[in-house]
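The values are calculated or read from the model by the stated rules, or taken from the named source; none is laboratory data. Fair warning: this is a prediction, and the values are worked out from it, not measured in the lab. So basically every Cβ, Gly included, is an ideal-geometry build from the backbone, and we count neighbours across all protein chains shown.
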Amino acid sequence: MPKKNDALTVAKEKKSDEFYTQYEDIQREVNAYLEYNPDTFRDKVVLLPCDDPEWSNFTRFFAQNFEMLGLKKLISTSYATESKQAHESVQLSIYDFLTEFETSSPQYDENISPKRGKIFTLTRGSKRINFNDLQWKYLEGDGDFRSEEVSRLRDEADIIVTNPPFSLFREFLAWIMQADKKFLIIGNVNCITYKEVFPLIKDNRIWTGCRFNERVNGKIMTFRVPDSYPLTGTELFIGDDGRKYISVAGTGWFTNLDHGRRHQPISLMTMADNLKFSVHKEVKLNGYPFYDNYDALEVPYTDAIPSDYDGIMGVPVSFIKYYCPEQFEIIGITKTWFGMASKIYPQQIQISKSGIRSIVTKLNDGPVLKIQTPPEDTTYYMVDDDCFIQLYARILIRKKAYEE
């Protein structure tokens, strides 16, 4: 049973990837880059793959703001409906994807449309460009981003912007990085821990966008889904326009475009002040213990990072949205360790909260604290007479000499 707001897990497991980004979310994010550098998109070719150009807000935003952004060319591609249906466990009708825009166009072909993707383009010319100047035609193939046809469009582009299929995030990001392109894409906070993604973050080749895993006006990031989408639960609701929407926790933007928020240092207290004034009871009560399997300090909250500690610290994955590369260096991550762990545990006895015992090797999967007595409210592990608890994944960081 998926947890509340676990829509991305459902999408990944069922391959139900028809999540459409709202116009205001795109506008808000793009504006953040323009505030930092007004020429971010000027004279650039922008590609919007994995799109549905007829109703996509990505296409609508970039076409409507073509002149303001100073674009050289806009390219938007869609996936053929038959291929889309084949990859969807949700049985969507072809009529979920057809629009009057397509069916009323002279080039519409009911035999070709289900089998081939479409490409929409806007190119700078001698006259002012607007949304109505979009030209479209059928692709030779189904529009899959991995095809040679769409990969050639990738190679032509300077910046790639889209909400890629959640189930193909790793593959899509690799497709972008292979061509060394600038990008702005949507993903989930869990992507940070992927072995294919974290090294790129560690090396400052990619980072989080301006909005990442946060509420705006009290709302987490929300997407429109097709009317026939069968999800139920509190994450799905009907909007004022009568359409279905889904709110997805832990979602945000990944990019390699620079923005001002990335260079804002976190305001922190010293270790002594944290132990005395922290709003977190856990910090006041337990202080800052060291891991048993790596020489690093456990810091359970980003705002509890001690400003005067120069060694390595383990911080929550959510730290990444506040990460300032001038303030901290990323050393590694504890989920896969990448060979960094200083200790390998033999088989352990796991004792669950309900007292069930089982033989496991889970302690080698993350950061471990050695404790004096078994806890009453959490799962713990025994190795001989020693007692341990395992923590969630932690990003390992170290403070840099930072001058404001």
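Tell me the residue from 247, 267, 228 that is more than 28 Å from residue 336 (Cβ to Cβ) and at pLDDT 95 or above, please. Before the answer, list the steps.
Values: 247 fails: at pLDDT 95 or above; 228 fails: at pLDDT 95 or above.
After ruling out the rest, the residue left standing is 267.
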Any hit, the stretch 149-160, residues being surrounded by fewer than 16 Cβ atoms within 10 Å (Cβ to Cβ) and farther than 16 Å from residue 74 by Cα: no
Please go through (1) touching a Ser or Thr at 6+ places or on another chain (Cβ under 6 Å); (2) farther than 21 Å from residue 366 by Cβ; (3) buried (at least 17 other Cβ atoms within 10 Å of the Cβ) for residue 256 and return the number of the only condition it doesn't satisfy. (1)
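Can you tell me which residue among 389, 395 is at pLDDT 95 or above, under 17 Å from residue 331 (Cβ atoms) and under 29 Å from the mean Cα position of the chain (by Cα)? Outline the logic, then answer.
Working: 389 fails: under 17 Å from residue 331 (Cβ atoms).
When all the criteria are applied, what remains is 395.
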Under 7 Å by Cβ, and 6 or more places apart or on different chains, what pairs join a residue from the stretch 189-209 that is more than 16 Å from residue 253 (Cβ to Cβ) with one that is among the hydrophobic types (A, V, I, L, M, F, W, C)? 193/317; 193/333; 193/393; 196/174; 198/192; 198/333; 202/330
Number of positions in the stretch 31-64 that are among the hydroxyl-bearing types (Ser, Thr, Tyr) and either outside the structural domain of residue 116 (by TED's automatic domain parsing) or in a loop (DSSP other than H, G, I, E, B) (or both): 2
Residue within the stretch 236-255 that is in contact (Cβ under 8 Å) with a residue 24 or more places away in the chain, under 20 Å from residue 397 (Cβ atoms) and under 15 Å from the mean Cα position of the chain (by Cα) present: yes
Enumerate the pairs (first residue in the stretch 307-334 and crowded, with 19+ Cβ neighbours inside 10 Å; second residue anywhere and hydrophobic (A, V, I, L, M, F, W, C) and assigned to a helix (DSSP H, G or I)) with beta-carbon separation below 6 Å, excluding pairs fewer than 6 apart on the same chain, so at least 6 apart or on different chains. 317/192; 320/192; 332/338; 333/198
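Would it be correct to say that residue 283 is farther than 30 Å from residue 187 by Cα and in contact with a helix residue (DSSP H, G or I) (Cβ under 8 Å, 6 or more places away or on another chain)?
Yes: the conditions hold for residue 283.
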So residue 270 passes all but one of these: (1) touching a Pro at 6+ places or on another chain (Cβ under 7 Å); (2) more than 20 Å from residue 401 (Cα to Cα). Which condition number does it fail? (2)
Among the candidates 166, 172, 145, 101, single out the residue that is within 26 Å of the chain's Cα centre (by Cα) and modelled with pLDDT under 90. 166
For residue 245, work out the one condition from (1) in contact with a Ser or Thr (Cβ under 8 Å, 6 or more places away or on another chain); (2) among the hydroxyl-bearing types (Ser, Thr, Tyr); (3) closer than 26 Å to residue 400 by Cα it doesn't fulfil. (3)
Is it true that some residue in the stretch 266-279 is more than 30 Å from residue 183 (Cβ to Cβ), among the basic types (Lys, Arg) and not in a strand (DSSP E or B)? yes
